[in-house]
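Asks: My questions all concern the structure below.
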Amino acid sequence: MNYRDGLLRLMAITLAAMPLAHAESQAGGNPWPALQIKGFGTVGIARSDDADAEFVRDLSQPDGLGKHWSGKVDSMLGLQANLTLNARTAAVIQGIARYRYDGSWRPELNWAFLRHDLTPDFTVRLGRMGTEFYMQADSRMVGYANLAVRPSADYFGPIVVSFFDGIDASMTTDTGAGLLRGKVFAGWAGEKTPFVKPYTWDLRGSRMFGGHLDYINGPWQFRIGRSQIRFKHQQPLNEAARQAGFPIDILAAAPELSIVGRHGTYDSLGFAYDEGRLQVQGQISHIRYDTSAYEDTTSGYLIAAYRIGQTTPYLGYSRTRSSSARLSTPMPPLIAAGIRDFIDQTHADQATVSLGARWDFMQNMALKAQLDMIRGERDSRFPMRNANRDWDGRMNLFSLALDFIF
Amino acid sequence: MRPATCALLILALLTGSGAQADPVVVVPARLGVEKLSHEEVTNIFMGRFRALPSGAPALPIDQPPGSPLRTLFYQRLVNKDQASINAYWSRLHFSGKATPPLQASSETQVIQQLLTRPGAIAYLERSQVDARLRIVFEFPP
């Protein structure tokens, strides 16, 4: 099926690049290969103790976990080829197969860029790159790089854009008392995302830009960032309403729900402390929309870990809360109630305590076990998929994962 | 035995054949780099900022995988074991930010590359350092 076709295509791309790299390495008499192929992956299974709502890793997944063990939320496979063209220029492509917006596992080209170091402290990349709306957002699929089974769903869940096509530039300077690094990016989104099943919302062509500033000193990293996306396409609201037996033109009745030309703005602050056995990191973000289609959201998390031999136990806490959306256009009560029903699905108000351990049992492999206790209000719906009316907002989640790099 | 003699003996045992001595960080002598700080060496080997004080690009070289010198180097540099270092690099590598130091296949290749590659910097055992190389950083005892 599609999964295999996609993987084959990915391998074909990689193989096609090989002779090129080989020629280069011979010409340069280089003892290190000009072409390097590496990969990462996770085999993860998880289940919850609640059938009234389905947990998803982030909202790019159309459905999630129930009370039976499933591998779809966390399992993935990535393959990356780095082609060194000269000392300052390299090409990188990366494909990832994971459970995606359309319910398939078809691999996608997530990264495909040309990188050039104009000077050691000034780098420009052009092509397709992972989005870094928040600190570590661009490596959130690399399980082996991360402490927990998955990045906090409360925090990273609303980020449905995993890559963009465009340009970024980063500049680093050594202040003598720590490094200061600034990065800016601009481009267009290239993905679709699930809406009310079976509909999807097209994000392709939505303009994005942003930047962040890092301060790095010894074991400390601090980050402040802002990103913005301008949505290009309308959400299939009317189609979803018709399907739900509510055949009215929602966008005509409540124009404030229109999202075309509207913006989502993501502000964030983060820190990480990583010294020896101890790792602590935390972030806080605020998402603002100038449309009533989504509610403004504030989220944050804190995670701490301490390594003992090969085992690293960790403890995390995360919280997300959105402000209730307002409907400003006057309308008949029946229609208002129907529309209210729709926008209530974007309300978030929950906290999660995560407890787990990572075991680096052999080189380039780690096993993880994790318990997440999600405690939300009855009206918290947004972070989940297919939540019933009766769901009480509470859920426990059990996860096991094997992360590897090769 | 007097306490001083005892301490000397323990010291000799620790630094002698039993325990490995700390690596030293070296560059080619002709490069003209005099000294680097702990933070500068960390920035270069951990891919945070790969520039020499002159502004020229720095090219870090790692000892072969599994080398005790390599393990000791990262232990002293950032207090991390090899698994943590690998996890660190997987984040930077798979987000296209930076690549790990070049990996030599043998100790001899480290020195050979040090002398031929522009901006090369590596760590060695002190006994391997000769007149062609300059020690730019030593771990405090």
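The values are calculated or read from the model by the stated rules, or taken from the named source; none is laboratory data. Values in this document were obtained by computation on a predicted structure and should not be read as measured data. Neighbour counts are summed over all protein chains in view; Cβ atoms, including those assigned to glycine, are modelled from backbone coordinates with ideal geometry. Just so you know, the surface numbers come from the protein's heavy atoms only, side chains and all, with ligands and any DNA or RNA stripped out. Shrake-Rupley method; radii C 1.70, N 1.55, O 1.52, S 1.80 Å.
Asks: Return yes or no: is A:Y144 of a type in the set (F, W, Y) and away from every other protein chain (no Cβ under 14 Å)?
Replies: no
Listed here are the residues, each with its yes/no results for (1) modelled with pLDDT under 95; (2) under 27 Å from A:E275 (Cα atoms); (3) touching an Asp or Glu at 6+ places or on another chain (Cβ under 8 Å).
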{"residue": "A:G182", "(1), (2), (3)": "no, yes, yes"}
{"residue": "A:F185", "(1), (2), (3)": "no, no, yes"}
{"residue": "A:R207", "(1), (2), (3)": "no, no, no"}
{"residue": "A:H212", "(1), (2), (3)": "no, yes, yes"}
{"residue": "A:Y215", "(1), (2), (3)": "no, yes, no"}
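Asks: How do the pairs read when you match residues in segment A:58-73 that are within 19 Å of A:G41 (Cα to Cα) with residues anywhere that are of a type in the set (S, T, N, Q) and at pLDDT 95 or above, using Cβ under 6 Å and keeping only pairs 6 or more apart or on different chains?
Replies: That search, which allows pairs on different chains as well, returns A:S60/A:T193.
Asks: Further question: Restricting segment A:251-277 to residues that are closer than 22 Å to A:K192 by Cα and of a type in the set (A, V, I, L, M), which is nearest to the other protein chains (Cβ to nearest Cβ)?
Replies: Filtering first and then ranking leaves A:I259.
Asks: State all residues of segment A:206-230 that are touching a Lys or Arg at 6+ places or on another chain (Cβ under 7 Å) and either within 14 Å of A:Q281 (Cα to Cα) or within 12 Å of chain B (Cβ to nearest Cβ) (or both); if no residue qualifies, say none.
Replies: A:D214, A:I216
Asks: Please note which helices (runs of 4 or more DSSP H) are completely contained in segment B:51-141 and include at least 3 residues that are closer than 17 Å to B:V33 by Cα.
Replies: Because the criterion is at least 3 residues that are closer than 17 Å to B:V33 by Cα, the helices (runs of 4 or more DSSP H) in segment B:51-141 that meet it are B:107-116.
Asks: Checking the structure you have, find out if any residue of segment A:366-377 is within 14 Å of chain B (Cβ to nearest Cβ), surrounded by 19 or more Cβ atoms within 10 Å (Cβ to Cβ) and assigned to a loop (DSSP other than H, G, I, E, B).
Replies: No, because not a single residue in segment A:366-377 is within 14 Å of chain B (Cβ to nearest Cβ), surrounded by 19 or more Cβ atoms within 10 Å (Cβ to Cβ) and assigned to a loop (DSSP other than H, G, I, E, B).
Asks: With the condition kept exactly as written, say whether any residue in segment A:169-187 is assigned to a strand (DSSP E or B), within 13 Å of chain B (Cβ to nearest Cβ) and among the β-branched types (V, I, T).
Replies: Looking for residues that are assigned to a strand (DSSP E or B), within 13 Å of chain B (Cβ to nearest Cβ) and among the β-branched types (V, I, T), one finds at least one in segment A:169-187, hence yes.
Asks: Here's something else I'd like to know. Cβ-Cβ under 6 Å, sequence separation 6+ or interchain: first residue in segment A:109-123 and more than 7 Å from chain B (Cβ to nearest Cβ), partner of a type in the set (V, I, T) and in a strand (DSSP E or B). Which pairs?
Replies: A:N110/A:I96; A:A112/A:I93; A:H116/A:T89; A:H116/A:V124; A:D117/A:T123
Asks: Kindly indicate whether A:F164 is more than 10 Å from chain B (Cβ to nearest Cβ), modelled with pLDDT of 95 or more and over 30 Å from A:L371 (Cα atoms).
Replies: yes
Asks: Right, another one. Does B:V78 meet the test of being within 12 Å of the chain's Cα centre (by Cα), within 13 Å of chain A (Cβ to nearest Cβ) and in contact (Cβ under 8 Å) with a residue 12 or more places away in the chain?
Replies: Answer is yes for this residue.
Asks: Please specify each residue of segment A:165-210 satisfying the condition of being of a type in the set (F, W, Y) and in contact with a strand residue (DSSP E or B) (Cβ under 6 Å, 6 or more places away or on another chain).
Replies: Across segment A:165-210, the qualifying residues are A:F185, A:W188, A:F195, A:W201, A:F209.
Asks: When you look at B:I61, is it touching a Pro at 6+ places or on another chain (Cβ under 8 Å), at pLDDT 95 or above and either crowded, with 17+ Cβ neighbours inside 10 Å or more than 11 Å from every other protein chain (Cβ to nearest Cβ) (or both), yes or no?
Replies: Yes, satisfied.
Asks: Still on this structure, please answer the following. If a residue must be open to solvent by less than 20 Å² (accessible area, probe 1.4 Å) and either more than 21 Å from the chain's Cα centre (by Cα) or acidic (D, E) (or both), how many such residues does segment A:293-313 contain?
Replies: Number of matching residues: 3.
Asks: If you don't mind, there's one more thing I want to ask. Select from segment A:315-345 the residues that are touching a Phe, Trp or Tyr at 6+ places or on another chain (Cβ under 8 Å) and assigned to a strand (DSSP E or B) and write down the one among them that is farthest from the other protein chains (Cβ to nearest Cβ).
Replies: Within segment A:315-345, the match that is farthest from the other protein chains (Cβ to nearest Cβ) is A:S322.
Asks: Only residues that are more than 8 Å from every other protein chain (Cβ to nearest Cβ) and open to solvent by less than 10 Å² (accessible area, probe 1.4 Å): list them for segment B:81-100, please.
Replies: Within segment B:81-100, B:I85 is the sole residue that qualifies.
Asks: Scanning for something closer than 22 Å to A:V73 by Cβ and buried (at least 19 other Cβ atoms within 10 Å of the Cβ), does segment A:321-344 turn up at least one residue?
Replies: No: zero hits.
Asks: Go through segment A:80-92 and give me each residue that's touching a residue at least 40 places away in the same chain (Cβ under 8 Å), within 19 Å of A:V142 (Cα to Cα) and either open to solvent by 50 Å² or more (accessible area, probe 1.4 Å) or within 10 Å of another protein chain (Cβ to nearest Cβ) (or both).
Replies: Passing the criteria: A:Q80, A:N82.
Asks: Okay, next question. Please find, within segment A:57-76, the residue that is most open to solvent (accessible area, probe 1.4 Å) out of those that are more than 12 Å from every other protein chain (Cβ to nearest Cβ) and assigned to a strand (DSSP E or B).
Replies: Residue satisfying both the conditions and the ranking: A:S70.
Okay, residues lined up against (1) on the phi > 0 side of the Ramachandran plot; (2) touching a helix residue (DSSP H, G or I) at 6+ places or on another chain (Cβ under 7 Å); (3) surrounded by 24 or more Cβ atoms within 10 Å (Cβ to Cβ):
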position: A:F122; (1), (2), (3): no, no, no
position: A:M129; (1), (2), (3): no, no, yes
position: A:M141; (1), (2), (3): no, no, yes
position: A:A145; (1), (2), (3): no, yes, no
position: A:D154; (1), (2), (3): no, no, yes
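Asks: Anything in segment A:387-406 that is within 21 Å of A:A351 (Cβ to Cβ), part of a loop (DSSP other than H, G, I, E, B) and not aromatic (F, W, Y)? List them, or say none.
Replies: A:A387, A:N388, A:D390, A:D392, A:G393 - these are the residues of segment A:387-406 that are within 21 Å of A:A351 (Cβ to Cβ), part of a loop (DSSP other than H, G, I, E, B) and not aromatic (F, W, Y).
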